[in-house]
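Peer 1: My questions will all concern the structure given below.
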Amino acid sequence: MDPVLIVAPIILALASIATPFGGVLVRYRVLYTPNPGIQIQEDVQNREGLHVGYFTIMKRVIRIEGWAGLFKGFIPTLGFVLFVFVLMSTLPRQKYPDPNLALIFPPKSIAVIFFGVLAGLPLEILKIRLELIFYRAIVTSHKLSILGFRNSLKVLLTPYERRRPWTLYTAPGLVLAFILLLVIRTAFLVATLWFLVPILLRPEERQNPLFTGTIIGYSLSFLALAIIIAPLEVIVIRLSVQRNFGDETSSTSSEVEPLLESSHPREDVSEHDTMAPYTGLVDTVRKIGDEEGWKTLFRGWKISLMLPHYLIYQ
């Protein structure tokens with residue numbers, strides 16, 4: 001039987017389980033908790049000096065939105081998983097001495113991955129737009145309907161962004177942060193396929209004295225990956241939920257608010273809400289550090305260790 005057909009249901013089940021945790025992780029990272037003394041808007045005064053944890057956010061989501069609130073973003077996740085399954089089913093396999101083992105992305109074809117990344121750049125460009133909408137859908141205070149897709153977009157995107165879709169890519173620092181994440185994740189994936197997968201699939205390699213050291217080294221590198229990309233993920237999420245009104249006035253943007261039924265009070269929405277918007281990647285890092293503390297940049301890195309697909313494939 002094709003290994004993909006065996007692994008597919010398992011990964012799909014894991015993705016279904018991980019979706020609620022991933023959604024809470026997005027809310028946790030986007031929550032703005034200014035330090036005491038920071039000049040902030042009146043509607044976030046109650047967050048001043050607030051230090052919350054991941055599971056505190058989860059309890060809050062359940063209390064305000066119910067269990068359904070944890071599954072925001074499940075449909076995009078399901079679509080992505082199905083896309084990966086279709087892609088894997090079309091890839092060549094190289095058989096090893098054991099006929100029951102087949103390696104997807106064999107070491108001799110590692111270069112194919114790099115060419116695949118280049119060929120997939122148009123898809124990555126589209127992914128930026130999709131992830132931006134995905135993050136906003138998670139933190140919005142409105143109930144979104146799949147059948148009411150057009151009205152949902154009116155809530156998630158400003159009139160300026162709908163008239164000029166390319167402005168979603170001009171958010172200062174957003175594309176650069178996406179590129180950095182893509183490079184880091186691709187490098188880690190290639191290293192995994194080159195060093196770890198052949199060792200695990202070849203029984204004779206397990207007798208190698210370096211086997212234990214390789215496993216330990218990979219585990220440490222996986223830990224380092226979670227720590228390194230955590231700040232970039234926080235930056236991407238913060239920049240994604242930051243709306244671009246262009247020359248529009250705030251009163252114009254409020255016209256879209258009544259379109260859909262509000263699922264919970266506005267003051268409980270876990271959105272970034274500063275007086276001055278982020279103006280770039282470096283500016284985002286500086287403002288988060290100055291206003292909320294440097295630990296905010298590393299929110300959720302421990303949780304990411306339990307969601308490997310968020311680390312590598314998100």
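No value in this document is a laboratory result; all are computed from the given coordinates. Predicted model only: the values in this text are computed from it and were never measured. Note that we place each Cβ from the backbone using ideal geometry, even for glycine, and neighbour counts take in every protein chain shown.
Peer 1: Which ³J(HN,Hα) values in Hz, rounded to whole numbers, follow from the phi angles of the range 161-168 under the Karplus curve 6.51 cos²θ - 1.76 cosθ + 1.60, where θ = phi - 60° and Gly and Pro get x?
Peer 2: After applying 6.51 cos²θ - 1.76 cosθ + 1.60, I find 5, 6, 6, 10, x, 5, 5, 5 Hz.
Peer 1: Could you pull out the pairs from Lys72/Lys154; Lys143/Lys302; Lys154/Lys287; Lys59/Lys154 whose alpha carbons sit more than 20 Å apart here?
Peer 2: Details: Lys72/Lys154 18 Å; Lys143/Lys302 30 Å; Lys154/Lys287 29 Å; Lys59/Lys154 29 Å.
Distance filter (> 20 Å) returns Lys143/Lys302; Lys154/Lys287; Lys59/Lys154.
Peer 1: How do 130-140, 20-30 rank on mean C-beta neighbours within 10 Å, highest first? All intermediate terms of the calculation are to be shown ahead of the outcome.
Peer 2: Values: 130-140: 20.1, 20-30: 23.3.
Ranked from most to least packed, the peptides come out as 20-30, 130-140.
Peer 1: Separate question: Of the peptides 227-236, 292-301, how do they stack up when ordered by the mean number of other Cβ atoms within 10 Å, highest first?
Peer 2: Numbers: 227-236: 21.2, 292-301: 18.2.
The packing order, highest mean first, is 227-236, 292-301.
Peer 1: Could I ask something else about it? Report, by chain and number, residues whose modeled amide H sits under 5 Å from the one on His142, excluding near sequence neighbours (fewer than 5 apart, same chain).
Peer 2: Residues meeting the criterion, in which the H sits 1.01 Å from N, are Ser263.
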